[in-house]
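Here, each number is a calculation from the coordinates, and none is a lab measurement. These numbers were taken from a predicted model, which means no experiment stands behind them. Methodologically, a virtual Cβ is constructed for each residue, glycine included, from the backbone with ideal geometry; neighbour enumeration extends over all protein chains shown.
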Amino acid sequence: MKAILQGAARPQRRRVSSRAVIATSIALGLAGWAVAAAVRAGSGAPSQRGGLPFTAAVVAGLVAHELLHALAFLAAGARVSELRFGVRLRRGVAHVACARAVSARGFRFVAIVPGVALGLAPLVAGVATRSYLVTLFGAMLLAAAGGDLMLVWAVRDVGPNASIGDDPADPNVILVANERR
Ligand SMILES: [Zn+2]
């Protein structure tokens, strides 16, 4: 029995530490905020204040972040019935997961899309148009992608056709198998 469990077919467990996720998110947020502050200082415009509309936009952006994960899962071949929406209390964030393992190629796509579309793209657009609030929005949503970045980092050595799934018992662990399942 032990020999079977230790066989090549047994998926590897890869842990993503909550501390690393929080540290990455804070680092991304601070870097983005510094860029936004530089944009505000360089724009010559009177200080722009976001207030409630800005806060609402960030909240809507966070919801859109999870929806983009869901759409990316569907694009990667998952079915709607396989998607799981939930809140990972240990990470303090909402999360979309897929009940079935996906290819490493699909996993990277699913992980990266919201951070690029809602974080990096507005950040770059904000700098290009000298808009402090657009840049700050990008910075906030880039910080929200810290966990996604750590997931991509955790499987950096995995080939594109390996399969990757969530460990149903531990939200901080992903399971990597070298062959399709
Ligand atoms: Zn995410």
Expressed as a whole-number percentage, the relative contact order of the chain with C-alpha contacts under 8 angstrom and at least six residues apart is 35
A chain fully extended from Val58 to Arg105 at 0.36 nm per residue, minus the present Cα-Cα distance, gains in nm 14.0 nm
Answer in debye to the nearest 20: the dipole magnitude of the chain about its Cα centre, from +1 Lys/Arg and -1 Asp/Glu charges placed on Cβ, is 320
Here the alpha-carbon Rg of the chain over 2.2 N^0.38 Å rounds to 1.16
Measuring from its Cα centre, segment 98-181 shows a charge dipole (+1 at each Lys and Arg Cβ, -1 at each Asp and Glu Cβ) which, in debye to the nearest 20, is 300
Over the chain, the sum of -39500 (n - 2.57) across DSSP H runs of at least four, divided by residue number and rounded to 500 deg cm²/dmol, gives at 222 nm -17000 deg cm²/dmol
